[in-house]
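Following: one structure in structure tokens, then a few remarks.
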Amino acid sequence: MKALRHSLFEAIGDLETRAVTIRHELHSHPELSGKEEKTKYFLKGILEAEGIDVFGFEGHHGLVAQITVDPAKPYVALRADMDALPIEERNALPYASREKGVMHACGHDAHTAIVLGTALALNRMRDKLSGNVRFIFQPAEEVMEGGSSQMIEDGCLDNVSAIFGLHAYPYLPTGKIGYKKGVMLASADTFEIEIFGRSSHAARPHEGVDAILVTSMAVNSLNHIVSRQIDPLHPAVISLGTIEGGRAPNVICDHVRLRGTVRTVNHDVRRRIPEMMEISVKGICQSMHADYRFRYDFGTPEVRNDDAMVDFLVREASSLLGSENCIDLVDPVMGGEDFGRYLEKVPGAFFRLGTCNEIKGTCVAQHNSRFNVDDDALAVGMKVLGLLALGSM
């Protein structure tokens, strides 16, 4: 194993500059969820030029690449997400986004470059590998339906025994990783509520049913569900993101649409929340003589790491970084990640890759127009994923 590690690190050292260049190219040309066509062909060209098997799909822009040493053995999978966000970049970087209103503000460019770099490194030592590795380049992580379901339906987990993924994390310094056993990230669901009233002249509100007033009462009631109906030891978040309604200042509004998201880390709480929400809305509408329509869509599940896989991750990462640089994050985060769908199918672990460098200004939170990743973190991610792949064979 010592000789394998040396070969891996040597290959990564040779490829580090190339990985950074790839990341900068991806950052300059971001593509939104479901539109990652140029990204797909860019990656496909690099992988095929290195002699790595690559497979595309008809219904989406995902890619699967793999190194097959022994067809009788299963694969260990490494996953990256490729899509960007509808954010206008405000960084003055030579590789800043050239696409107006689109930006890699969550680090997916780094994730892709890291997994691609790991693939290139492992391919250089193919003759020394004892097992198979699959590299999943997933589209559409940033949308609630999540591209992981499409990838799974198309067989990306067939004959996979374990899966690993990472996420850039500006809350940890470069050179550290964060891990957590059990639930690491929340499930992410969406809902839509429509309130139907009856319009009238604003000077004669008693002749109508004010959908805006009914909505305000419903919003207040929804915000009490978490604080008064759910065990405080089981975190949950109900957030309204949009409210649309009304046509004129002198007309009582007859229709309002609300949309939002629900985050939970407990299966039972997640299952019960839609009923709680509808009971609240229904009761208020009945008391105010309004009608309603309620729609709830279950999105991505929580990211629930396999404990044994986390132990394996920590052991391998500690051998590289030192145990003091492997941080137990302790508490789950209410953000979502569709990596959870993979973990429902096969054991694996998702971890945080520290990318904060105060001098370089890479400690800005994700989904911010000034977010950036410390390029020095790419080699760290490649080494950790490479070790996980080698150790899983």
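At-a-glance table
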{"quantity": "Count - residues of segment 255-277 that are without any contact (Cβ under 8 Å) to a residue 12 or more places away in the chain and either among the aromatic types (F, W, Y) or touching a Gly at 6+ places or on another chain (Cβ under 8 Å) (or both)", "calculated": "0"}
{"quantity": "Number of the exception - H206 against (1) within 33 Å of the chain's Cα centre (by Cα); (2) free of Cβ contacts under 8 Å to residues at least 60 places away in the same chain; (3) not in a strand (DSSP E or B)", "calculated": "(1)"}
{"quantity": "Wholly within segment 244-345, strands (runs of 3 or more DSSP E) carrying at least 1 residues that are within 30 Å of H6 (Cβ to Cβ) and touching a strand residue (DSSP E or B) at 6+ places or on another chain (Cβ under 6 Å)", "calculated": "303-305, 326-328"}
{"quantity": "Failed criterion for R304 (all others in (1) out of contact with any helix residue (DSSP H, G or I) (no Cβ under 7 Å at 6 or more places or on another chain); (2) more than 20 Å from L8 (Cβ to Cβ) hold)", "calculated": "(1)"}
{"quantity": "Scan of segment 265-310 for residues that are within 17 Å of L343 (Cα to Cα) and of a type in the set (V, I, T), ordered by number", "calculated": "V265, T300, V303, V310"}
{"quantity": "Selected residue [surrounded by fewer than 24 Cβ atoms within 10 Å (Cβ to Cβ) and hydroxyl-bearing (S, T, Y)] from Y95, Y75", "calculated": "Y95"}
{"quantity": "Verdict on V281 being in contact (Cβ under 8 Å) with a residue 40 or more places away in the chain, under 21 Å from R295 (Cα atoms), in contact with a helix residue (DSSP H, G or I) (Cβ under 6 Å, 6 or more places away or on another chain) and of a type outside the set (D, E)", "calculated": "yes"}
{"quantity": "Condition met for S318 (surrounded by fewer than 15 Cβ atoms within 10 Å (Cβ to Cβ) and closer than 27 Å to V262 by Cα)", "calculated": "no"}
{"quantity": "Segment 41-62 residues that are on the phi < 0 side of the Ramachandran plot, paired with ones that are crowded, with 17+ Cβ neighbours inside 10 Å and among the hydroxyl-bearing types (S, T, Y) (beta carbon under 8 Å, 6 or more apart)", "calculated": "L43/T112; H61/T39"}
{"quantity": "Residue that is nearest to T118 (Cα to Cα) [pool: residues in segment 42-73 that are at pLDDT 95 or above and of a type in the set (D, E, K, R)]", "calculated": "E50"}
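Matching residues to (1) at pLDDT below 95; (2) closer than 25 Å to D158 by Cα; (3) assigned by TED's automatic domain parsing to the domain that holds M144; (4) surrounded by 16 or more Cβ atoms within 10 Å (Cβ to Cβ):
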{"site": "K345", "(1), (2), (3), (4)": "no, yes, yes, no"}
{"site": "K360", "(1), (2), (3), (4)": "no, no, yes, no"}
{"site": "N372", "(1), (2), (3), (4)": "no, no, yes, yes"}
{"site": "A379", "(1), (2), (3), (4)": "no, no, yes, yes"}
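The values are calculated or read from the model by the stated rules, or taken from the named source; none is laboratory data. No experiment lies behind these values; they were computed from the predicted model shown. Please note: Cβ atoms are built from the backbone with ideal geometry, for glycine as well, and neighbour counts cover all protein chains shown.
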